[in-house]
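Some notes on the structure that comes next.
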Amino acid sequence: MLLITSIIAAILALIFIKLSLAVIGLRRKNKVGLGSGGHEDLERAIRTQGNFAEYVPIGIILIACLELNGAPWWLVAVPGIALIIGRLIHAKGMNTPPPDFSKRVLGMKFTFFTLIALAVLNLGWSLFYLAN
């Protein structure tokens with residue numbers, strides 16, 4: 001079972017829905033069907049949602065692989081929580097006018113370090129089991 005992954009994925013899905021609703025709301029407000037129509041707030045919302053959609057799937061896949069391969073729950077939960085925190089910080093930094101680049105950068109650091117940690121954990125865990 002993927003209990004930890006399910007919780008993490010559900011939380012990330014809720015965040016994605018919130019980001020998507022923000023884009024939809026700004027599209028309606030600004031009467032823009034495609035693109036940003038030159039509206040900076042809409043452009044930020046679009047990129048925040050897009051960035052989330054670009055990075056989260058690989059994180060969830062790596063978290064699920066780790067859990068499926070029998071890693072302890074905490075070794076799955078900690079990077080999952082870090083991914084959630086990183087994505088929230090990034091979104092806050094992107095959507096606070098003017099963009100708060102320190103939060104944006106911090107959010108991406110959380111995200112990258114988490115993905116790197118997950119890749120290393122998966123490699124290490126898999127190689128450990130292959131060697132035994």
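Coordinate-derived values only; no laboratory data. Being a predicted model, the structure only gives us computed values, none of them experimental. Backbone-built Cβ (ideal geometry, glycine too); neighbour counts: all protein chains shown.
Here are the numbers:
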read-out	value
Protection proxy ranking of 22-33, 58-69 - average other beta-carbon atoms within 10 Å, highest first	58-69, 22-33
Long-range tail of P(r) for the range 3-67 (Cα pairs > 15 Å, %)	55
Unit charges at the beta carbon, dipole of the range 3-131: most positive-side option, THR111, LEU19, ASN30	ASN30
Fewest-first sequence of MET108, MET1, MET94 by Cβ atoms within 10 Å of each Cβ	MET1, MET108, MET94
Additional length obtainable on full extension of the chain from ILE7 to PHE113, 0.36 nm per residue less Cα span	36.1 nm
Contour excess over end-to-end distance, with Cα ends at GLU40 and SER102 and 0.36 nm allotted per residue	20.4 nm
Candidate lysines - alpha carbon under 27 Å from LYS103, same-chain residues fewer than 8 apart omitted	LYS18, LYS29, LYS92
The range 3-131 - percent relative contact order, Cα under 8 Å, separation 6 or more	26
Sorted by Cβ neighbour density within 10 Å, fewest at the top, the residues PHE52, PHE16, PHE112	PHE112, PHE16, PHE52
Computed Kirkwood radius, in angstrom, where 1/r is averaged over Cα pairs of the range 39-110	13.0
Per principal axis, descending, Cα span of the range 3-131 in whole Å	58, 26, 19
Relative contact order [Cα under 8 Å, 6+ residues apart], the range 55-132, whole percent	35
